[in-house]
Amino acid sequence: GGQGGHRACKLNERKRTMKTSKITLMALSIAVAMVLSFVESQIPAFVAIPGVKVGLANIAVMFTLYKLGWKEAVVISLVRVFMVSLLFGSAASLFYSAAGAVLSLLGMILLKKSGLFSMVAVSITGGVLHNVGQIAMACILLETNVIKYYLPFLILSGIVAGVVVGLAAAVLIKRVKL
């Protein structure tokens, strides 16, 4: 039993080390996403359309999705949305961000799982769906559908943001070895 017990002990140690590394990487991803959200909130809007942002925090979500998996990406995204809304936002911003994040994650996870789309295409989908989710939530909360007229502009901004985030995430994913 000595040799088998030794192998089992080594295997348990390796699993524990991998779990610790994963938790550390997830904590780092949440921190980076929060910092990027804060930094982006300090940048004046480039356009006169409310809600148009690059979504720099999604670099951390994309990184997690491709390096760790979809479950971990969901955790990173939702924890970031909650923490950023708590620290820098409001209850309304929590609803808007959560709606955008959930729809965005769903689309990105499905496209990535299919294996048919590039990282940039997955990111573009995430950017567009994030904006669609926020508009849908705004229609619900404000009890009007007039806001839907922003959608073409927000879809365009989601495409541009998705390209920027997708390219940045692709570089990061390629350079960070796990």
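The values are calculated or read from the model by the stated rules, or taken from the named source; none is laboratory data. Not measured: the values here are computed from a predicted model. With ideal geometry, Cβ positions are generated from the backbone for all residues, glycine too; neighbour counts draw on all protein chains shown. Surface areas here come from the heavy atoms of the whole protein model, side chains and all, with no ligands, DNA or RNA. Shrake-Rupley method; radii C 1.70, N 1.55, O 1.52, S 1.80 Å.
Quick notes on this structure:
- Three-way shape call for the stretch 133-178 based on the alpha-carbon gyration tensor, with the a/c threshold at 1.5: oblate
- Degrees separating the helix 151-175 axis from the principal Cα axis of the chain, which is the longest one: 20 degrees
- The chain - percent relative contact order, Cα under 8 Å, separation 6 or more: 22 percent
- A Förster distance of 35 Å, applied to the separation of the beta-carbon atoms of Leu151 and Val171, puts the FRET efficiency at 0.70.
- The chain: calculated mean residue ellipticity at 222 nm from DSSP helix runs of at least 4, using -39500 (n - 2.57): -28000 deg cm²/dmol
- Fluctuation leader among Leu141, Leu156, Leu105 - the chain, Gaussian network, Cα springs under 10 angstrom: Leu141
- Placing a pseudo-label 7 Å from each Cα along the Cα-to-Cβ vector at Ser118 and Ile23 gives an inter-label distance of 3.9 nm.
- What the chain shows is 60 Å² of accessible area per residue, with the surface traced by a 1.4 Å probe over protein heavy atoms.
- Computed on the chain, the Cα convex hull volume stands at 134 Å³ per residue.
- Ile159 paired with Met83, simple spin-label distance in nm, labels 7 Å along Cα-to-beta-carbon: 3.4 nm
- Carbon-plus-sulfur accessible fraction, the chain (probe radius 1.4 Å, protein heavy atoms only): 71%.
- Here the chain is assigned +1 on the Cβ of each Lys and Arg and -1 on the Cβ of each Asp and Glu. Its dipole about the Cα centre then comes out at about 1080 debye.
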